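The structure appears right after this line, and notes come after that.
The values are calculated or read from the model by the stated rules, or taken from the named source; none is laboratory data. Since the model is a prediction, treat every value here as computed from it, not as a measurement. Cβ placement follows ideal geometry from the backbone for every residue including glycine, while neighbour counts extend to all protein chains displayed.
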Amino acid sequence: MLDPGIILAGVLNGFLAGGIYVLVAVGLTLIYGVLHIINFAHGSLLMLAMYAVFYLWRLVGIDPYVALPLVIAGAFVFGFVLYRLLIGRLSHGRDENILLITLGLSIVIDNAALLFFGGDTQTIDVPYAGSFVELGAAFLPLPKIISFGASLLLCAVLGLYIAKSDTGKAIRAVAKERQGARLVGIDVDNIFAVSYGIGIACLGAAACLLMPTYYVTPSSGHAFVLVAFTIVVLGGMGSFVGAAIGGFIIGITEALGGLLLGEQLGQIGISLIFIVILLLKPTGLFGSKA
Amino acid sequence: MKKQVSRRGFVLGTTALATLSVPAIVGAQPAAVKVGLIHPVTGFVAYNGQQSRLGGTMAIEDVNKAGGIKSMGGTKLEALLGDSQSKVEVGVAEVEKMNEQGVAAYIGCFQSPVGIAASQAASKYNTPFLIDVGASDLIVNRGLKNVFRLKPGFGVCVDDGIASLGALNKAAGGIAKSAVIVHESGEFGTGTAKLLQGKLPSIGIEAKELIAHDNPTRNFDNIALRIRSLAPDIIMMSNYGNEYMLLARTLYQQKVNVAGFYSILGGGFNYKFVKEMPDVSQYMMDVNHWYNPKSAKAVALKKRVEDGGALFTFEVYLTYTNVMLLADALERAASADKEKLLAALSSSTFKAELMPYGPTKFVNGQNQGAKPGVMQSLKGDIEVIAPEEFASAKAVFPRPKLT
Amino acid sequence: MSPRALPCLAGLAAAVLFPLLAPNYLVNVGMTVFFIAFIGQSWNIAGGFAGQTSFGHVVFFGTGAYTSTILQVTYGWNPWLAWPVAMAAGGAVGWMIAVLSFRAGLRGSYFALITLAFAEVFRILANSVPFTRGGLGMLIKADPRPINFQFRDPIWIYYLALLLCVVSILIAWRLTRSRFGARLVAIRENEDAARALGIDVFAEKVKVLALSGAMCAAGGTFYAQKYLYIDPNIAFGVDKSVEMLLVSMVGGAGTIFGPLIGSFALTGINEVTRWLASVVPALKNVQPLSLVVYGIMLVLIVARLPDGLMSLFGRKPRHA
């Protein structure tokens, strides 16, 4: 019933979607890897970033892609400060508590957004939104291709940063062995805040890349974050490479599942792949023992 | 059994209850009739809930400004505002709380599951429950005497929609032979889609596939791909606002060509969509709750709402009209007594001036006079193309091909 | 009788007398408190006592709700008879998830998230298969007679919720007194050490998940009988998982009364903030503010009391 052309097109769609998922997941896995916290506020923060992109476009007229450096920087600062002032202070370093605190934070952020921005759906209309690239049976919208490319680029840059720079090395040290890092003089608390900031900066980037083809409401962050959690665990919590590969696996699974089983039933594909991979590899594809 | 209540407790208790309810109005004016508005003003559908609440509170203001319920000596209406948080148990908790405060009738709840449970809870107290928005036909098929739904259920919307589509198709020489139905996976979308699937053959159209999707859906690329491979003549959608808009935009961006978009209760078909995305929405048709464009009152209300910075979406005027229905019943019953009010509502022939309805007649709680309108987005505005007596423009079908 | 028994009995007496004096609305709130405490305790037994945190506990809730509802509506079973079947179904699902996950060696956050995935699978399946009527949901015919597990007077539903809550507390209490419970705590504190001590870690974890699943499923049936309508989102939506987790952790995970205290606190805050928002004049859409306050209070409670509210009473789970 489904010819290979359609399947291929679906895979391409999945790739493009996966690009965005990867960006959201990478931030989440970094936060987990370094701080060992499951950041329940991730979705709400994505939503805030998306509103920032929207208002920059609506009030100042900045194109979302052009706004990338601005939003990334702003998101980093926001995340850094949020960690320093709230999360770091309130959690007493206890993992379960940070979970609840980020949960409480997400409730506050979601409803504050509802209060200030209102509940209506906001969209961005960019002039090139209607352009697309035809590849066989696939009609790939230009914004999605740009987003995909930008996402890959940003992940590569981030990966290099973490691998080569001093801060990056410090981050990896703290992720691997917190006490040891402290003993060699690394300012662990600062690294925590920086890592959280980077995680949120990734959300800022994702927001810029999402807005041309999606929309924002006070609840829209959550749809992406649930799938981001899946990807992070799938790839192995704390594994950068795992998040990247996991993102594409999930994107393609979602596309194929949707095509073969129908969109709603197809979503089951994501959960099933997740379950199967975890049962086969209990710490995720690239994760290490907890 | 003896109730052990200390005097202090009694005083504290009654004071607390008194502060919860309306402070006694000094003077000859009787106490207000309390109307409970229960809507999801927070959460995923906060926008819709807030629009409903807007309509309800405006209507109550208007009734009071016009002198209140005259047969009750000018008694005013008072709004009790409840947030259902989109949850069944919270909606029911609000029902209980408002009952404590002496509510005379409820209006709510936007979402069918909440409406079902809340009206069930209200039936314990025999309090009238007016369903302003809530498409599931399960709402009115339970044999409950206190449930009244002024708007049409999805059964009627489907029937009217099919009839109109059939007429359009016939006028275009029967060019549409196949359709794909995209629907949200909840009771509203599923119910509508199944009904459509069963009735489309009667107008010569085959439902090739039913595609269900979640709320929310992250992207519609794969559905667009599927639709393109099926190449239907008509695409029909039954879903909530964001998904409707996203799907329409995706299909437009992917240059999917169809003879027409014909949605039944398409959640995103409203002024905001049409004005913000005129190219995407052009020629799309929707069978939905709409106000009567030939009613001066409706047009005036529209202006008032828009001047206040809000959009004139169906939640606003449906809840508004339900308040008017209630006020009319109170007038006729000349009392807020539950039995009398229920009787007045059951026998109501209220003229729903804002809506393109026939005369009100409740059978098993469903208003038989309720009708949806068929609208089309033309030149950046929404025109009513059916029923004929309310039409403001002629339909364009099939739509011109996308270049 | 131990000195702790007296305040417990006094509390129980107060709970029994409460609905006789309070208005219906508060009786409903009380029922909610005890019900949430009950399903919270089901989470607590696995997550608090045994340390197996789950994010998808609603999977048991929904299993119970659908089992009893389908038996009742489609096959005409009496709901009281369907109730134990629902519990058995919940236990079976708990057993299945535990066997699959623990056999594969899943722990900590990985286990937590796989339970979430299972809940999602069930939700989507419930939306897609005909015997649950999919997205249309299932309606239970209203016939408020006790034999139908429906009550006209809210006081009886209240007492039933109270009974369930008391039973769950007794179960938790028994856990603190039994060897089974001691083994669970050992597993929580250090799974590898427990294994070295000769505890069959796998078997114990499976047992506790089955117990937890059965309890939670009982709550699912109760809920369906109270509200008379379920659909896949109500039955398997993530909100209930969060609620169960929240009340237990805020109250004090691993303590006997944690879920009850947590339920009191969170339900109370929710009621008060919702009420405040409805009486604040002029600001028509100030409702979100009530949830902002709720979130802030949650953060403050967790920040101030890292071991949960029960630590105010000097009760803490022993930590390694």
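Among C:Trp83, C:Trp77, which is the only one that is assigned to a loop (DSSP other than H, G, I, E, B) and either more than 14 Å from chain B (Cβ to nearest Cβ) or at pLDDT 95 or above (or both)?
Working: C:Trp83 fails: assigned to a loop (DSSP other than H, G, I, E, B).
The match here is C:Trp77.
Since C:Ile256 meets every condition but one in (1) of a type in the set (A, V, I, L, M, F, W, C); (2) part of a helix (DSSP H, G or I); (3) more than 10 Å from every other protein chain (Cβ to nearest Cβ), which condition does it not meet?
That leaves (2) as the condition not met.
Could you say which residue among C:Leu12, C:Leu26 is of a type in the set (A, V, I, L, M), touching a helix residue (DSSP H, G or I) at 6+ places or on another chain (Cβ under 9 Å), closer than 20 Å to C:Gly268 by Cα and more than 14 Å from chain B (Cβ to nearest Cβ)? Working first, answer last.
Working: C:Leu26 fails: more than 14 Å from chain B (Cβ to nearest Cβ).
Sole residue among the options that is of a type in the set (A, V, I, L, M), touching a helix residue (DSSP H, G or I) at 6+ places or on another chain (Cβ under 9 Å), closer than 20 Å to C:Gly268 by Cα and more than 14 Å from chain B (Cβ to nearest Cβ): C:Leu12.
Being on the phi > 0 side of the Ramachandran plot and without any contact (Cβ under 8 Å) to a residue 12 or more places away in the chain is the filter here, so list the residues in region C:90-138 that pass it.
Just the residues of region C:90-138 that are on the phi > 0 side of the Ramachandran plot, to begin with: C:105, C:108, C:133-134, C:137.
Of everything in region C:90-138, those that are on the phi > 0 side of the Ramachandran plot and without any contact (Cβ under 8 Å) to a residue 12 or more places away in the chain turn out to be C:Gly105, C:Arg133.
Being surrounded by fewer than 21 Cβ atoms within 10 Å (Cβ to Cβ), within 22 Å of A:Ile20 (Cβ to Cβ) and more than 8 Å from chain B (Cβ to nearest Cβ): is that true of A:Glu134 here? Show your work before the answer.
Numbers: surrounded by fewer than 21 Cβ atoms within 10 Å (Cβ to Cβ): yes; within 22 Å of A:Ile20 (Cβ to Cβ): yes; more than 8 Å from chain B (Cβ to nearest Cβ): yes.
Yes.
Does C:Leu26 qualify as being assigned to a helix (DSSP H, G or I), of a type in the set (A, V, I, L, M, F, W, C), without any contact (Cβ under 8 Å) to a residue 40 or more places away in the chain and closer than 23 Å to B:Val92 by Cβ? Quick ask: steps written out before the conclusion?
Values: assigned to a helix (DSSP H, G or I): yes; of a type in the set (A, V, I, L, M, F, W, C): yes; without any contact (Cβ under 8 Å) to a residue 40 or more places away in the chain: yes; closer than 23 Å to B:Val92 by Cβ: yes.
Yes; evaluated as a whole, the condition is true for this residue.
Checking B:Ser335 against (1) under 24 Å from the mean Cα position of the chain (by Cα); (2) closer than 22 Å to B:Phe129 by Cβ; (3) touching a residue at least 12 places away in the same chain (Cβ under 8 Å), only one condition comes out false. Which one?
Here B:Ser335 meets the rest and fails (1).
Checking the conditions here, which among B:Asp62, B:Asp132, B:Asp83 is closer than 30 Å to B:Glu306 by Cβ, over 13 Å from the mean Cα position of the chain (by Cα), charged (D, E, K, R) and surrounded by 21 or more Cβ atoms within 10 Å (Cβ to Cβ)? Reasoning before the result, please.
Working: B:Asp62 fails: surrounded by 21 or more Cβ atoms within 10 Å (Cβ to Cβ); B:Asp132 fails: over 13 Å from the mean Cα position of the chain (by Cα).
Of the residues listed, the single one that is closer than 30 Å to B:Glu306 by Cβ, over 13 Å from the mean Cα position of the chain (by Cα), charged (D, E, K, R) and surrounded by 21 or more Cβ atoms within 10 Å (Cβ to Cβ) is B:Asp83.
Return the only residue of C:Leu100, C:Leu106 being in a helix (DSSP H, G or I) and more than 13 Å from chain B (Cβ to nearest Cβ). Before the answer, list the steps.
Working: C:Leu106 fails: in a helix (DSSP H, G or I).
After applying the criteria, what remains is C:Leu100.
In region A:185-290, which helices (runs of 4 or more DSSP H) lie fully inside it and hold 3 or more residues that are within 16 Å of the chain's Cα centre (by Cα) and within 12 Å of chain B (Cβ to nearest Cβ)? If you could, list the steps in order and put the result at the bottom.
Working: elements: A:188-210, A:221-235, A:240-261, A:263-280.
Where helices (runs of 4 or more DSSP H) fall fully within region A:185-290 and carry at least 3 residues being within 16 Å of the chain's Cα centre (by Cα) and within 12 Å of chain B (Cβ to nearest Cβ), they are A:221-235.
Between C:Arg145, C:Arg183, C:Arg188, which is away from every other protein chain (no Cβ under 14 Å) and either among the small types (Gly, Ala, Ser) or more than 22 Å from C:Val33 (Cβ to Cβ) (or both)? Working first, answer last.
On the way: C:Arg145 fails: away from every other protein chain (no Cβ under 14 Å); C:Arg188 fails: away from every other protein chain (no Cβ under 14 Å).
The match here is C:Arg183.
Would you tally the residues in region B:38-58 being touching a Ser or Thr at 6+ places or on another chain (Cβ under 7 Å) and away from chain A (no Cβ under 14 Å)?
Going through region B:38-58 one residue at a time, the tally reaches 3.
Being without any contact (Cβ under 8 Å) to a residue 40 or more places away in the chain, in contact with a helix residue (DSSP H, G or I) (Cβ under 8 Å, 6 or more places away or on another chain) and either within 12 Å of chain A (Cβ to nearest Cβ) or β-branched (Val, Ile, Thr) (or both) is true for just one of C:Val286, C:Val238, C:Val206, C:Val272. Which residue is that? Give the derivation first.
Working: C:Val238 fails: without any contact (Cβ under 8 Å) to a residue 40 or more places away in the chain; C:Val206 fails: without any contact (Cβ under 8 Å) to a residue 40 or more places away in the chain; C:Val272 fails: in contact with a helix residue (DSSP H, G or I) (Cβ under 8 Å, 6 or more places away or on another chain).
Matching residue, one of C:Val286, C:Val238, C:Val206, C:Val272: C:Val286.
Among the helices (runs of 4 or more DSSP H) lying completely within region C:156-251, list those that include at least 1 residues that are surrounded by 17 or more Cβ atoms within 10 Å (Cβ to Cβ) and within 15 Å of the chain's Cα centre (by Cα).
Those helices (runs of 4 or more DSSP H) span C:201-227, C:232-236, C:238-251.
Only one of (1) of a type in the set (Gly, Ala, Ser); (2) closer than 30 Å to B:Gln50 by Cα; (3) modelled with pLDDT of 90 or more fails for A:Ala73. Which number is that?
Every condition holds for A:Ala73 apart from (2).
Among the candidates C:Val99, C:Val59, single out the residue that is among the aliphatic types (A, V, I, L, M), within 28 Å of C:Glu191 (Cα to Cα) and surrounded by fewer than 24 Cβ atoms within 10 Å (Cβ to Cβ). Full working, then the answer.
Details: C:Val59 fails: surrounded by fewer than 24 Cβ atoms within 10 Å (Cβ to Cβ).
Only one candidate passes the filter, namely C:Val99.
Checking A:Leu56 against (1) away from chain B (no Cβ under 14 Å); (2) without any contact (Cβ under 8 Å) to a residue 40 or more places away in the chain; (3) surrounded by fewer than 21 Cβ atoms within 10 Å (Cβ to Cβ); (4) part of a helix (DSSP H, G or I): exactly one of these is not met. Which one?
Failing condition for A:Leu56: (3).
What number of residues in region A:159-175 are of a type outside the set (Ser, Thr, Tyr), more than 17 Å from A:Ala243 (Cα to Cα) and surrounded by fewer than 18 Cβ atoms within 10 Å (Cβ to Cβ)?
Of the residues in that region, 4 qualify.
Among the residues of region B:221-232, is there at least one that is surrounded by fewer than 21 Cβ atoms within 10 Å (Cβ to Cβ), facing chain A (nearest Cβ under 8 Å) and of a type in the set (Ser, Thr, Tyr)?
yes
Can we say B:Val316 is buried (at least 24 other Cβ atoms within 10 Å of the Cβ), touching a helix residue (DSSP H, G or I) at 6+ places or on another chain (Cβ under 7 Å) and either more than 21 Å from B:Lys177 (Cβ to Cβ) or assigned by TED's automatic domain parsing to the domain that holds B:Gly173 (or both)?
yes
Would you confirm whether or not region A:85-93 contains a residue that is more than 30 Å from B:Val45 (Cβ to Cβ), surrounded by fewer than 22 Cβ atoms within 10 Å (Cβ to Cβ) and in contact with a Phe, Trp or Tyr (Cβ under 7 Å, 6 or more places away or on another chain)?
yes
From the list B:Tyr262, B:Tyr271, B:Tyr252, B:Tyr240, which residue is in contact (Cβ under 8 Å) with a residue 40 or more places away in the chain, within 11 Å of chain A (Cβ to nearest Cβ) and under 24 Å from B:Gly153 (Cα atoms)? Steps first, please.
On the way: B:Tyr262 fails: within 11 Å of chain A (Cβ to nearest Cβ); B:Tyr271 fails: within 11 Å of chain A (Cβ to nearest Cβ); B:Tyr252 fails: under 24 Å from B:Gly153 (Cα atoms).
Sole residue among the options that is in contact (Cβ under 8 Å) with a residue 40 or more places away in the chain, within 11 Å of chain A (Cβ to nearest Cβ) and under 24 Å from B:Gly153 (Cα atoms): B:Tyr240.
Can you go through B:Ala296, B:Ala259, B:Ala327 and tell me which one is among the small types (Gly, Ala, Ser) and touching a helix residue (DSSP H, G or I) at 6+ places or on another chain (Cβ under 8 Å)?
Numbers: B:Ala296 fails: touching a helix residue (DSSP H, G or I) at 6+ places or on another chain (Cβ under 8 Å); B:Ala259 fails: touching a helix residue (DSSP H, G or I) at 6+ places or on another chain (Cβ under 8 Å).
Answer to the check: B:Ala327.
State all residues of region B:209-219 that are part of a loop (DSSP other than H, G, I, E, B) and facing chain A (nearest Cβ under 8 Å); if no residue qualifies, say none. Steps first, please.
Here is the first cut: in region B:209-219, the residues part of a loop (DSSP other than H, G, I, E, B) are B:214-219.
B:Asp214, B:Pro216, B:Thr217, B:Arg218, B:Asn219, listed by residue number.
Evaluate the following for B:Val182: is it within 24 Å of C:Phe236 (Cα to Cα) and either assigned by TED's automatic domain parsing to the domain that holds B:Ser136 or buried (at least 19 other Cβ atoms within 10 Å of the Cβ) (or both)? If you could, list the steps in order and put the result at the bottom.
Values: within 24 Å of C:Phe236 (Cα to Cα): yes; either assigned by TED's automatic domain parsing to the domain that holds B:Ser136 or buried (at least 19 other Cβ atoms within 10 Å of the Cβ) (or both): yes.
Yes: the conditions hold for B:Val182.
What's the number of the only condition in (1) within 25 Å of B:Asn288 (Cα to Cα); (2) of a type in the set (Asp, Glu); (3) facing chain C (nearest Cβ under 8 Å) that B:Glu100 fails to meet?
The failed condition is (1).
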